[in-house]
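> Here it is, the structure in full.
The values are calculated or read from the model by the stated rules, or taken from the named source; none is laboratory data. The structure displayed is predicted, hence computed values, not measured ones. Cβ sites come from the backbone with ideal geometry, for glycine too, and all protein chains shown count toward neighbours. Note: areas computed on protein heavy atoms with side chains; ligands, DNA, RNA excluded. Shrake-Rupley method; radii C 1.70, N 1.55, O 1.52, S 1.80 Å.
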Amino acid sequence: MSDEASFEEFVNTRSQALLRYGYVLTGDPHDAADLLQEGLVRLRGAWSRVENKQDPEGYLRRIMARCHISIWRRRRRERLVGEVPERGYTDQGFERADDAGLWQSLATLPRRQRAVIVLRYHEGLADDEIAERLGISCGTVRSQAFRALEKLRAGWQRSDDTQSATVTGRV
Amino acid sequence: MSSQLEEALSRTLTAAASVAPEHPPGLLQEVEAGHRKRRRRGYAAIAGVAVFAMVGGVALAFGGLPGVGRGPGVPAAQGAQRPIEEVWPEAYHALSAKLDDGRKHYPELMINDHELLVTTSASLEVADEIWIIDLDDQRARRVAFLPEPHDDQDLYASHFTVGSGHVVWWDSYTENGKPYARIWKAPLSGGEPTLVSRVSGPYGSLDDGLVVADGTVYLSHSRVGGVRQVPLSGGEATAVADTRGYHILQWPWVGKPASGPLKPADESEGGQFTTIRNVETDDVREAVEPDGVRAVACHVTYCVGVKADPESEGKRELGSFRRDGSEYRPLSARLGLEAIPVWDRFLVMHSGKGFGLYDLKTGKSGDFGIEPDGDGGMTLPRTSAPEARLMSWSIDDGKAYAILDLAAIR
């Protein structure tokens, strides 16, 4: 199979899954599409080398994660957020109302913290695998996860407490 | 999954992924078009192309990215940067990654112009011993065994710093649901670690500032800021006057907003450390942004900012300038690490094939020589904090470290 044909097959079979990955990384459908496209363009340039490694998807996921936490996208994101308010997702997909709140809280995390959380709790990666994927040290992974969880916990517990109080009448 | 929050996170992310949008039609065609365009423009596959920019009269070869404006200059071949060890031989050391007993060590900081403090690990990221290696003769001596981790340890020994004849570090743990940080010290001459203080805080995290000066430990909290002090001899931590919201940058300079976990509200207020204050003299300095430039991050002397590229909508130019707004210089590369200049004068940038170090003071640049492995991954050069004078990275397939003492660069 030629490079072009095998790359096309890869895109056709994996892009939807990769877009989902981009979506949980970014929390924004437009950013997710941009991130996937940027990653695929880079992957295309490296395809002949990467394909032989049997794991082009791992390579692309790494590119997407690193690209997402780079400063350029972070600055751009601020501009986008300033112009386009975050969309609410409380009406779809979530089993519980507090999960929707958690999704919104994730949007307040710095990008690197969010990436660590996504890789740990969505991708199921171990900390050393996260470190490798993001190109940071294991200690940084741990401290970023620690901070992110503390921040999420603060908001989540408040929401949880409120809900409990409403349901049971306890404070 | 160890907590309800973690279970909820997994559930939430799975649910969100299920409502992700469909990928746009024509994705493959757009990708192929983007690929051809970059190939024509000479972009390398992974990290972008090396371009020359005349910065301060010195040619730089750094990678560029689409969407990132370039400084003035002409394209040039990759690999034009000289290796760091050739650019700054006076500051470069190569060092075995193992101690004589065969254990791997991890460089933490330079304690003077020839001694390097390192730690060894009992397991991944769990430091268990502190050693000092003399770079002149590469002999090592053990300084201390670290205390056993707490039963409910959150973060293991971190942020080693030295001063007043001691090495100081902190760790954190949770007890009865409350987070605490512990500050420890051990004499550099060798000896048992002793507890300096235990501090409680909203999250028990101190990791944006811990310094020792004149027999006092100063610390700031990464989330809420505010500088506290405690005698190195031990005692309760007390607040340093008028430092609410400030974070330690380079003692005695404190600043805001800080590095670390910025809240969106902080980001809208401006770049990191745009306001700094000298705790000893009360001198306050604000970053002056050159026309059209927005400060991203500053150290005491130098800042990094972005400037809208008037010739291309949506593109931005990365540049450096002095805190007083003078000497704006475009940088034609992506930042490789933090935007805050390390040791108040250096930036790690993506280069054509890996990473380069750029000296804002002299305009010199050197290549780390770090190349992607077979899968395109690479290990980044390491620096513990903006105030740290050490950069280290693996060489020789991980068998050795390159040590760069930034303070030795004139």
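> Name the residues in the range B:99-118 that are touching a residue at least 24 places away in the same chain (Cβ under 8 Å) and surrounded by fewer than 20 Cβ atoms within 10 Å (Cβ to Cβ), would you?
Result: B:99, B:100, B:111, B:113.
> Within the range B:86-98, does at least one residue satisfy the condition of being out of contact with any Leu (no Cβ under 8 Å at 6 or more places or on another chain), over 13 Å from residue B:392 (Cβ atoms) and in a loop (DSSP other than H, G, I, E, B)?
No, that holds for no residue.
> Sticking with this one: Is one or more of the residues making up the range B:369-383 part of a strand (DSSP E or B), at pLDDT 80 or above, under 20 Å from the mean Cα position of the chain (by Cα) and closer than 24 Å to residue B:83 by Cβ?
Within the range B:369-383 (the criterion being part of a strand (DSSP E or B), at pLDDT 80 or above, under 20 Å from the mean Cα position of the chain (by Cα) and closer than 24 Å to residue B:83 by Cβ), the answer is no, since none of the residues qualifies.
> Out of A:126, A:115, A:131, which single residue is in contact with a helix residue (DSSP H, G or I) (Cβ under 6 Å, 6 or more places away or on another chain), modelled with pLDDT of 85 or more and at the interface with chain B (Cβ under 10 Å from one of its Cβ atoms)?
A:131
> Among the residues of the range B:346-361, are any farther than 23 Å from residue B:89 by Cβ and at pLDDT 80 or above?
no
> Now a separate question. Out of the residues in the range B:126-154 meeting the condition of being open to solvent by less than 40 Å² (accessible area, probe 1.4 Å) and among the acidic types (Asp, Glu), tell me which one is nearest to the chain's Cα centre (by Cα).
B:154
> Scan the range B:15-32 residue by residue and report those that are open to solvent by 50 Å² or more (accessible area, probe 1.4 Å), part of a helix (DSSP H, G or I) and either on the phi > 0 side of the Ramachandran plot or at the interface with chain A (Cβ under 7 Å from one of its Cβ atoms) (or both).
Selection gives B:18, B:30.
> Hey, among A:32, A:46, which residue is under 20 Å from residue A:133 (Cα atoms), free of Cβ contacts under 8 Å to residues at least 40 places away in the same chain, open to solvent by less than 60 Å² (accessible area, probe 1.4 Å) and out of contact with any helix residue (DSSP H, G or I) (no Cβ under 7 Å at 6 or more places or on another chain)?
Result of the check over A:32, A:46: A:46.
> Take the range A:106-120 and flag every residue that is assigned to a loop (DSSP other than H, G, I, E, B) and aliphatic (A, V, I, L, M).
Residues satisfying the conditions are A:107, A:109.
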